[in-house]
Amino acid sequence: MDFAAQRVVLSTHVSGWTDFDLCGFLRDLTGAPAIMDNDANAGAIGEAERGAGQGCSPLFYMTLSTGIGGGIYEGGRVWRGADSYGGEIGHLTIRPDGPQCLCGARGCFERMCCGLWLQRDHGRSAKELMQNADFVSRYVIDLTLGLKAAIMLLNPQRIVIGGGIAKAGDRLFVPLRRELRRQITSWSGARIDCVPALLGDDSVLYGALSLATA
Ligand SMILES: [Zn+2]
């Protein structure tokens, strides 16, 4: 979405949203003012202001769900980049020879690690797959390839991961931290502080509340 213009630009997952004035639609429908942001940015605000990222700057929030999105929060606000596309970690290439992503490129972080593709590739839900320690030990290799980019680029004070897959808790986070430590070799003093969202399904809602009341 384009935050400055407050318009949906497109959805790679669901058709029919291209260049849609969602806020205008809601204003007409309800007679109430509306503001919007993408879910990862809203989640970043929610976790930064009321959740696991309180007091952390910069904070990198990642939603690990149907897709993968990222939000960068620094100095009390979301860092959006020049065109509202800052933090879009889901389409970072982690496997150049990997399968094609919905965006058209190959081996995107989202293509390798999100819930939609885990289900399609393995025939089981992400929730089920996270119960299998052998699967998780392979999964965290790709998950780390993506998160390492955020750590190298931003040196975040903390990474908070929300979305359904993060609900696996220690079954995911313990091997993930171990793999982050393995891939980020000892030359870097960047911290590895990676925790699940504290607000669960409500990170995005609290972020939206903050946007609406700002
Ligand atoms: Zn992609």
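Hey, Phe109 hits all of (1) in contact (Cβ under 8 Å) with a residue 40 or more places away in the chain; (2) open to solvent by 70 Å² or more (accessible area, probe 1.4 Å); (3) farther than 19 Å from Leu59 by Cα but one; which does it fall short on?
Going through the list (1) in contact (Cβ under 8 Å) with a residue 40 or more places away in the chain; (2) open to solvent by 70 Å² or more (accessible area, probe 1.4 Å); (3) farther than 19 Å from Leu59 by Cα, Phe109 breaks only (2).
So which residues in segment 29-43 are open to solvent by 80 Å² or more (accessible area, probe 1.4 Å) and under 12 Å from Gly87 (Cβ atoms), if there are any at all?
Answer for segment 29-43, where residues must be open to solvent by 80 Å² or more (accessible area, probe 1.4 Å) and under 12 Å from Gly87 (Cβ atoms): just Asp39.
Out of Trp79, Trp17, I need the residue that is open to solvent by 30 Å² or more (accessible area, probe 1.4 Å), at pLDDT 95 or above and of a type in the set (Phe, Trp, Tyr). Which one? Don't jump to the end; show me each part of the working.
Numbers: Trp17 fails: at pLDDT 95 or above.
Testing whether each residue is open to solvent by 30 Å² or more (accessible area, probe 1.4 Å), at pLDDT 95 or above and of a type in the set (Phe, Trp, Tyr) leaves just Trp79.
Going by the structure shown, is Thr12 of a type in the set (S, T, N, Q), touching a residue at least 40 places away in the same chain (Cβ under 8 Å), farther than 30 Å from Arg191 by Cβ and out of contact with any Gly (no Cβ under 7 Å at 6 or more places or on another chain)? Break it down stepwise before answering.
Details: of a type in the set (S, T, N, Q): yes; touching a residue at least 40 places away in the same chain (Cβ under 8 Å): yes; farther than 30 Å from Arg191 by Cβ: yes; out of contact with any Gly (no Cβ under 7 Å at 6 or more places or on another chain): yes.
So Thr12 passes the test.
What number of residues in segment 68-113 are in a strand (DSSP E or B) and either under 13 Å from the mean Cα position of the chain (by Cα) or within 10 Å of the ligand (Cβ to nearest atom) (or both)?
Of all residues in segment 68-113, those in a strand (DSSP E or B) come to 68-74, 77-79, 93, 100, 106, 108.
So of that shortlist, the ones also either under 13 Å from the mean Cα position of the chain (by Cα) or within 10 Å of the ligand (Cβ to nearest atom) (or both) come out as 68-73, 93, 100, 106, 108.
Result for segment 68-113: 10.
Which one of the conditions (1) of a type outside the set (Val, Ile, Thr); (2) at pLDDT 95 or above; (3) on the phi > 0 side of the Ramachandran plot does Ala34 fail to meet, given that it meets all the rest?
It is condition (3) that Ala34 fails.
Within segment 140-175, which residues are surrounded by 23 or more Cβ atoms within 10 Å (Cβ to Cβ) and over 13 Å from the mean Cα position of the chain (by Cα)?
Val140, Thr144, Pro156 - these are the residues of segment 140-175 that are surrounded by 23 or more Cβ atoms within 10 Å (Cβ to Cβ) and over 13 Å from the mean Cα position of the chain (by Cα).
So which residues in segment 89-106 are more than 21 Å from Leu129 (Cα to Cα) and free of Cβ contacts under 8 Å to residues at least 24 places away in the same chain?
His91, Thr93, Pro96, Asp97, Gln100, Gly104, Ala105, Arg106
The values are calculated or read from the model by the stated rules, or taken from the named source; none is laboratory data. Treat the numbers as computed from the prediction; the structure is a model and nothing was measured. Counting neighbours? That spans all protein chains shown, and the Cβs are built from the backbone with ideal geometry, glycine included. Side chains included, ligands, DNA and RNA excluded: accessible areas come from the protein's heavy atoms. Shrake-Rupley method; radii C 1.70, N 1.55, O 1.52, S 1.80 Å.
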